[in-house]
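The values are calculated or read from the model by the stated rules, or taken from the named source; none is laboratory data. Being a predicted model, the structure only gives us computed values, none of them experimental. Virtual Cβ from ideal backbone geometry, glycine too; neighbours counted across all protein chains shown.
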Amino acid sequence: MRTLYNINIEEIKRKSLQLFGKMHTSSSVSYFSEFTGCNSSIGENFRFNTIATAKQLFFAIALSQSPLVDNIIDNPDENIKEIVDEMHTSKSLKGIKILDLGCGKIPVFARCSRELGAEVYTIDVIDAEEFLFFNECFPPLQRQIEIKNHFKIDLKIENVAEKIIRFSKGHFNLVTSSFLESGSFYESHKFICPPFNIDEIALSLLSQNSIYYKCSILDKICIKN
């Protein structure tokens, strides 16, 4: 696992917004459609693969401290595709351990982050067998990793952080969630809402010098020093 040094929250926020502005509005974002498993580009839908999903990915990329981040920000749009190719080939997120709280039925953020080299775990009240994907655009090996690294659990149960740590070994560089606080309906479940102490749970799962990024209408970023 990588140790992130000299984390500057304002710089990461600025770069993630620049990446979002540069990549989500350009044709280069379609590159990630190869990894989403759902025949669509990241941030293209309104429920499980939203603009917030894209924001999560660009935040993780900014957090990686890869020099390719600045290359994307500084280069003309027509050159971005080549830089994203290099980011994929070099596995720019390698060594970064990520947890996606409330990943949903189509864990696009987790899938794209894994393709960029991150070690990613997902948490939700649904089983990984309920995840949606299309076989023709989702390699069997990625499917196996997705199932292995998913933990079905209700975040409101007692000692939930300890159970997640036993499953994943903890020490995450980034814990993230997308509109988790608003709750959600699932076909086979009643309305699910998160616990009131979700921030405390997330922070307890982080290693030192790591971040909890809550992506919503008003983004919230907490750092564990």
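Within region 1-24, track down each residue that is aliphatic (A, V, I, L, M) and at pLDDT 85 or above.
If the condition is that a residue be aliphatic (A, V, I, L, M) and at pLDDT 85 or above, then Ile9, Ile12, Leu17, Leu19 are the ones that fit.
Scan region 25-44 for residues that are modelled with pLDDT of 70 or more and assigned to a loop (DSSP other than H, G, I, E, B) and report the count.
The qualifying residues number 8.
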Looking only at region 208-225, which residues are surrounded by fewer than 17 Cβ atoms within 10 Å (Cβ to Cβ), of a type outside the set (Val, Ile, Thr) and within 17 Å of the chain's Cα centre (by Cα)?
-> Ser216, Asp219, Lys220, Cys222
List the helices (runs of 4 or more DSSP H) that sit entirely inside region 48-163 and contain at least 1 residues that are modelled with pLDDT of 90 or more and surrounded by fewer than 20 Cβ atoms within 10 Å (Cβ to Cβ).
-> 67-74, 80-89, 108-115, 140-148
Scan region 144-158 and report the pairs whose first residue is free of Cβ contacts under 8 Å to residues at least 40 places away in the same chain and whose second residue is assigned to a loop (DSSP other than H, G, I, E, B) and not aliphatic (A, V, I, L, M), with Cβ atoms within less than 8 Å and a gap of 6+ or a chain change.
-> Glu146/Pro107; Glu146/Phe131; Lys152/Asp127; Lys156/Pro194; Lys156/Pro195
Tell me which residues, restricted to region 100-119, are under 8 Å from the mean Cα position of the chain (by Cα) and over 18 Å from Ser33 (Cα atoms).
-> Asp100
